[in-house]
1. Enter the mean projected area of the convex hull around the alpha-carbon atoms of the chain, in nm², rounded to one decimal.
2. If one takes the longest principal axis of the Cα atoms in the chain, at what angle in degrees, from 0 to 90 and to the nearest 10, does the Cα axis of helix 64-76 lie?
3. Kirkwood hydrodynamic radius, computed over distinct alpha-carbon pairs, for region 87-169: how many Å, to one decimal?
4. Return the long-range amide H neighbours of Thr91 (sequence gap of 5 or more, or a different chain), with a cut-off of under 5 Å between placed amide H atoms.
5. Enter the accessible area per residue of region 121-165 (Å², integer; probe 1.4 Å; all protein chains in place).
6. Under a crude label model (7 Å from the Cα following the beta-carbon direction), how far is Val85 from Glu141 in nanometres?
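The values are calculated or read from the model by the stated rules, or taken from the named source; none is laboratory data. Source: prediction; values computed, not measured. Cβ placement follows ideal geometry from the backbone for every residue including glycine, while neighbour counts extend to all protein chains displayed. Remember, those area values only see protein heavy atoms, side chains included, never the ligands or the DNA or RNA. Shrake-Rupley method; radii C 1.70, N 1.55, O 1.52, S 1.80 Å.
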Amino acid sequence: MKGDGNGWAAGPHGSTLWGRFGAAGLMLVARRERTVLMQHRALWTHHGGTWALPGGARDSHETATDAALREAHEETAIDATSLRVVGEYLTAGPFPGDPERPDLAEQWSYTTVLAETHSGCSLSSQPNEESAELRWVHVDEVENLSLLPAFASAWPRLRREIVARLWRD
């Protein structure tokens, strides 16, 4: 069963999305520095050259948090024991199946998992082949990056959640 999430699902307007059981990403925050760990996507990936969060396809047995932590570890080498999960946010979907393409999975959704480092400071990371670069970016500078379109749409809400949940001071 492990690894059974790889595959395509139906998306809006005839598009396809990666992850038979949806996808999830980790928005990791260093509270003291007011930074977010961002991934510059390798050119060969979907929307390569844009910035987003580490993440990827969910497997059938995983929660969104499980998938986000696994994917983030694979893509950044950051261990889940060095962070605290704060919340989950459905940021895309679910999208219905496509009757014209019954071979595609249906009900795809994307969940962003918000977490903070235990120390409140940025952690060292090691990018894998899916990343051109990993960078801790100040929350006020995220929107200045060339963002993956879906992440750009979700960012204003996610930024509000960071401020409300982590930076009340």
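1. Values: hull surface 37.9 nm².
Projected area, direction-averaged: 9.5 nm².
2. Long axis of 64-76 versus the principal axis of the chain: about 70 degrees.
3. Numbers: mean 1/r = 0.0643 Å⁻¹.
Its Kirkwood hydrodynamic radius stands at 15.5 Å.
4. Residues meeting the criterion, in which the H sits 1.01 Å from N, are Tyr110, Thr111, Thr112.
5. Values: 2580 Å² over 45 residues.
The answer is 57 Å² per residue.
6. With each label placed 7 Å out from Cα toward Cβ, I get 3.0 nm.
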